[in-house]
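One structure is given here, and the rest of the page talks about it.
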Amino acid sequence: MSALGRVMRAGVRRRRVQTAVTGLAAMMAATASVLGGSLLVASNAPFDHAFAQQHGAHLAAQFDAAKATAEQLRATAHASGVSAAAGPYRTVTADPSGGPGLDLPAGMTMDPMKLVGRSDAGGPVDDVTLSAGHWVSGPGQVVVSADYSGPALGVGQRIDFPSASGGVTELMVVGVARSVSRTADGWVEPSDVSLLAAAKGADPGMQMLYRFASASTAAQLAADRDAVAAQAPAGSLSGTRSWLDVKNSSNSSTGLFVPFLTAFGLLGVLMSVLIVGNVVAGAVGSGTRRIGVLKALGFTPGQVVRAYMGQALIPAAAGTVLGALLGNLVAGQILSATEQVYGTTSLTVAPSVDVAVLVGTLLMVCVTALATALRAGRLRTVDALAVGRTPKAGRGRRAARITRALPLPRPVTLGLARPFARPARALAMVTAILFGAAAVTFAFGLGSSLQRIQDAKRTAADVTVLPSAPAQSGGPAARPGQVGGGAPGGSTPGGSTPGGASAGTGDSAAMARAIAAQPGTRAFFGSAQTQVTAAGTTGSVDVTAFVGDASWAGYQMVSGTWFHRPGEAVAPTPFLTATGTRVGDTVVVTDHGRAIPVKITGEVFVTGNQGMELLTDARTLASAEPNLKAQYFSVRLASGTDPSAYVRALDAALRPTGAVAQVGDGGGTSQLLILLDALTGLLTLMLVAVAGLGVLNAVVLDTRERVHDLGVVKALGLTPRQTVSMVLAQVVLVGVVGGAVGVPLGVALQRVVVPAMGDSAGLRLPSSVLDVYQAPALVLLGLGGLVIAVLGATGPAGWAARTRTAVALRTE
Amino acid sequence: MTMTEPVIELSGVHRRFADGPAALRDVSMSVRAGEAVAILGPSGSGKSTMLNMIAGLDRPDSGTVTVAGVRVDTLGEAGAARYRRDKVGMIFQFFNLLDDLTVLDNVVLPAEMTGVGRAEARRRATGLLDVLGIARHARAYPGRLSGGERQRVAVARALMNRPPLLLADEPTGALDSESGAEVEALLRELHADGQSIVVVTHDESLAARCATRVVRIVDGRIASDTGVADAATPDGAGAVAR
């Protein structure tokens, strides 16, 4: 082996700690970069990528089975502009009644399911991706869509479909899949479609899926649709859904999370670059004296540079490969969660991310090692030999004088002054901690904001009264869980909603009387649902019309005020944007053909129906809907009233009306929120670990460099405990500064990312969602920087305390 | 403590490092208070190991080490640290001053670690620097001093806690002859004032000039233990090596 090789190998073997830290840092950096990079890739147009991957349908067409044969529909694949087609598939929309183990709350039923008969998940169009179980292999099986709006259905769950004749068709869930084109709520064997066509309320049909040569604009899609319709029997085309509609719908919900995941991804990559650069520079820099010895022995500067690049690259390469592998493993979990957030499928670590991470990390190591080794290589041999024994004059001395005047134990003041002697290293530590503190602060703020968004979906009602009548298929828009996002009875965890109310039956007045008469009632109001159209909007606008004073319901206002009289209303940002109105303007809505002017008094934060909502007094619509009745009630209790006892008593009083009372507003914790919280926690933990590693590396380098001085003070009587306190004191100031700068940075990031999330969904967020940081929390978060620093320094401090004094004194 | 009481008592001390030969082999020796003992020997003879045992920097594999009434060989890390603060002062060949502290800060360090008040520590340190003739350098940093001056600072630091025992490891080894002579004179003065001193050196002349007793170590054993007048005789009286 050449002298250079021996020097390189000895450097790696003998400097075990630095070799290990370099390898570990490269590993963490690679892991964080794979995760961050994957999140960035996944967050870049997630729908478009999933659509391309699944060969999504540009147009999903529904045909009337009575007006067209399968053969005729198959012929539409040859319509002008069609580049690929799939189908025809027989379809049926049926109402499931539930199933064994499906614990639906009182008054709740499952949403109708559109089932498509497909014996194969793949094909030239709409290549459905399984996320659990297997595809249907026989009758009586169903693969449910992960996007089904009803309760979560896992593999093994049975679903009942009551038939008109009184029997029940039971399907067993054998798989869960996702179609980016949202072509079905479930897929069954084609033969099962005939069976289900006999189910109560069933609506059979045929489905064709098309891809077109040109389908990037609504106009092109309209032309494509016309071409298909012309090829099919007249009047057989009963409905279509374009990919642009699906994309808009998907983006309005997933867009909310793109800034969030992008921010975390960027933080991960930035921190990785920082830590690797810091570690390698430190490792090479700390070997300067050895470089001097090598030069004294006759090594050329070029040989020295090669030796030290090699010493850095050997552990870094091993760490990078391990880190990339680890990153791919962990990314599987994170991307699986991201799939659910984005509603996409089969997110995997892109090969380009792996390649970029491997090449990027090693390149980073090379560049940093080269720069540091070149600097050391250029030093005069005598200067290099002197490094570590004669520090630059003046560095940190003023700080040492200041700290020694502090009324603190001497070991502590010695430690406190240390960062000033190595400002570059201290700066690197501060930066690492700063990123960690910023990540924790950002995560805290984001979690709090998301929680407040979730809270905004619930009213302040202590008790909610719901009708127990089952839903009517295709019935009225009585979906409190989605109304305005702020109405009571919010979405249940499974996503099912209370059934349609028995509006206009007269029960409403009886319910109101029972509530008013119940001791403990402080205030209550009723809510009715209807739909109107508004100038400037396509489609319908959901209206929540209140009977009684709903100003206490706790709706979050973005601007303006709650309405006070009939003829006034509040609306969310998307409605105002679509209608081109501002707070104070009057918008004309059309209800049952009657034009009604409504003055907008405030911008409210509600998220249902993609923000096409209006909240007003029921009397506003009296001229168009004189019989509009409250479908459910929200009750506020007098102080000291036991809600459970109140609900029991009210239930008894409500029995004749068929309504049921429940404590709170019935809104459960969003699965998405749980998912995001978990994702936030995992990503934060990762960033904090990387920050701690940065501190560990810096303190290890510093402690080892100072081991001789450490021996001196230990020889003078420094106890192990004092040694630990001295080393920990080294990072106290660094931790405090890192925390003090990192916390405002995290707050700033939250103030940028959370509104950006709102903007992506077309929503302006109320200040209550953004102002989540209280002074005590900020102080605690700031101390988080200190905790990261102390955790990172604990290992080296213990090592310093354990180092034998005689050994330390012999060390140069 | 009177001249007759032993300040150091080594009994059957044995020490071996890893797979190498024994650094110390069954060494027994005692030093009375007020003595100035030079431990002489070639490189690798075990003299520094013996000093480390006395300083509580290392522990014997077997045997006992008692200094100023303290069983040093039984002390843990924290106990040994406290022992070093209270009972011994050390000076080293390469001074071992902390370069980022001023001369005064270096000297007050041992006192500060024992909890002596800042004012008292400074008063004591200033007095020592004055006595040692380096008071004018109190605010300077060690890097700007000559070797002899640095060693004087190290001596001042070693004496800061008024230890009953001063240990010196090759105290003139890194000095030019003029500075070496200054340090020698200083050690003589300290001894004349009653300070117990153990000097480890391979310099015969230093031993002859500074010590009242010379212990020679060869291959980890005490080869001789004599008064200065007999120091040149390897088998002089007084050796207790077994």
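The values are calculated or read from the model by the stated rules, or taken from the named source; none is laboratory data. Worth saying up front: this structure is predicted, and the values here are computed from it rather than measured. Methodologically, a virtual Cβ is constructed for each residue, glycine included, from the backbone with ideal geometry; neighbour enumeration extends over all protein chains shown.
So the values come out like this:
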item	result
Residue within region A:603-621 that is outside any strand (DSSP E or B), over 38 Å from the mean Cα position of the chain (by Cα), among the aliphatic types (A, V, I, L, M) and crowded, with 24+ Cβ neighbours inside 10 Å present	yes
Failed item in (1) assigned to a helix (DSSP H, G or I); (2) of a type in the set (A, V, I, L, M, F, W, C); (3) modelled with pLDDT under 90; (4) buried (at least 17 other Cβ atoms within 10 Å of the Cβ), with A:Val741 passing the rest	(3)
Subset of region A:706-757 that is within 14 Å of chain B (Cβ to nearest Cβ) and polar (S, T, N, Q) - its residue that is nearest to A:Gly798 (Cα to Cα)	A:Thr723
Residues of region A:536-558 classified as surrounded by 15 or more Cβ atoms within 10 Å (Cβ to Cβ) and outside any loop (DSSP other than H, G, I, E, B), total	11
Meets criteria (more than 17 Å from A:Gly436 (Cβ to Cβ) and either more than 14 Å from chain B (Cβ to nearest Cβ) or small (Gly, Ala, Ser) (or both)) for A:Val772	yes
Within region B:80-107, tally of residues that are in a helix (DSSP H, G or I) and facing chain A (nearest Cβ under 9 Å)	8
Among (1) within 14 Å of another protein chain (Cβ to nearest Cβ); (2) out of contact with any strand residue (DSSP E or B) (no Cβ under 9 Å at 6 or more places or on another chain); (3) in contact (Cβ under 8 Å) with a residue 12 or more places away in the chain; (4) closer than 20 Å to B:Leu109 by Cβ - the single one B:Leu167 does not satisfy	(2)
Failed item, numbered, when A:Val647 is tested on (1) modelled with pLDDT of 80 or more; (2) in a helix (DSSP H, G or I); (3) surrounded by fewer than 21 Cβ atoms within 10 Å (Cβ to Cβ)	(3)
Test: A:Pro493 is assigned to a loop (DSSP other than H, G, I, E, B), over 24 Å from A:Arg655 (Cα atoms) and either modelled with pLDDT of 85 or more or among the hydroxyl-bearing types (Ser, Thr, Tyr) (or both)	no
Any hit, region A:28-50, residues being modelled with pLDDT of 80 or more, on the phi > 0 side of the Ramachandran plot and surrounded by fewer than 21 Cβ atoms within 10 Å (Cβ to Cβ)	no
Unique residue being in contact with a Lys or Arg (Cβ under 7 Å, 6 or more places away or on another chain), assigned to a loop (DSSP other than H, G, I, E, B) and surrounded by 21 or more Cβ atoms within 10 Å (Cβ to Cβ) when the list is A:Gly758, A:Gly717	A:Gly717
Residue match in region B:37-46 (condition: at pLDDT below 90 and within 9 Å of chain A (Cβ to nearest Cβ))	no
Number of positions in region B:152-164 that are within 14 Å of chain A (Cβ to nearest Cβ) and under 16 Å from B:Leu187 (Cβ atoms)	8
Single condition A:Asp120 does not satisfy, out of (1) at pLDDT 80 or above; (2) in contact with a strand residue (DSSP E or B) (Cβ under 8 Å, 6 or more places away or on another chain)	(2)
Identity of the residue in region B:215-230, hydrophobic (A, V, I, L, M, F, W, C) and modelled with pLDDT under 90, that ends up farthest from B:Pro21 (Cα to Cα)	B:Ala229
Qualifying positions in region B:74-99 - touching a residue at least 60 places away in the same chain (Cβ under 8 Å) and either at positive phi or among the acidic types (Asp, Glu) (or both)	B:Asp86, B:Phe95
Hey, A:Phe524 closer than 15 Å to A:Thr459 by Cα, in contact with a helix residue (DSSP H, G or I) (Cβ under 9 Å, 6 or more places away or on another chain) and either part of a loop (DSSP other than H, G, I, E, B) or of a type in the set (Phe, Trp, Tyr) (or both) or not	yes
Filter result for A:Leu763 (assigned by TED's automatic domain parsing to the domain that holds A:Phe442 and either part of a helix (DSSP H, G or I) or surrounded by fewer than 24 Cβ atoms within 10 Å (Cβ to Cβ) (or both))	no
All positions within region A:432-450 that are surrounded by fewer than 21 Cβ atoms within 10 Å (Cβ to Cβ) and either touching a Lys or Arg at 6+ places or on another chain (Cβ under 7 Å) or polar (S, T, N, Q) (or both)	A:Ser448
Long-range neighbours under 6 Å by Cβ, at least six apart or interchain, first residue over 14 Å from A:Arg721 (Cβ atoms) within region A:400-419, second of a type in the set (Lys, Arg)	A:Thr413/A:Arg404
Residue in region A:441-452 that is within 26 Å of A:Tyr646 (Cα to Cα) and at pLDDT 80 or above present	no
A:Ala86 vs. criteria within 21 Å of A:Ala121 (Cα to Cα), among the aliphatic types (A, V, I, L, M), in the same structural domain as A:Ser194 (by TED's automatic domain parsing) and crowded, with 23+ Cβ neighbours inside 10 Å	yes
Any hit, region B:175-193, residues being in contact with a Lys or Arg (Cβ under 9 Å, 6 or more places away or on another chain), over 15 Å from B:Arg209 (Cβ atoms) and crowded, with 22+ Cβ neighbours inside 10 Å	no
Test: residue in region B:116-133 that is more than 16 Å from the chain's Cα centre (by Cα) and at the interface with another protein chain (Cβ under 9 Å from one of its Cβ atoms)	yes
Residue in region A:676-687 that is surrounded by 24 or more Cβ atoms within 10 Å (Cβ to Cβ) and more than 12 Å from every other protein chain (Cβ to nearest Cβ) present	yes
Hits in region B:134-151 (condition: in contact with a Lys or Arg (Cβ under 6 Å, 6 or more places away or on another chain) and away from chain A (no Cβ under 14 Å))	B:Ile134
Search result, residues across region B:26-53 that are surrounded by 19 or more Cβ atoms within 10 Å (Cβ to Cβ) and of a type in the set (Lys, Arg)	B:Lys47
Residue count, region B:55-79 (criterion: of a type in the set (A, V, I, L, M, F, W, C), within 12 Å of chain A (Cβ to nearest Cβ) and in contact with a strand residue (DSSP E or B) (Cβ under 9 Å, 6 or more places away or on another chain))	2
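One line per residue, one yes/no per condition, for (1) touching a His at 6+ places or on another chain (Cβ under 9 Å); (2) in a helix (DSSP H, G or I):
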site	(1), (2)
A:Leu195	no, yes
A:Pro204	no, no
A:Gln207	no, no
A:Ala215	yes, no
A:Leu221	yes, yes
A:Ala229	no, yes
A:Ser238	no, no
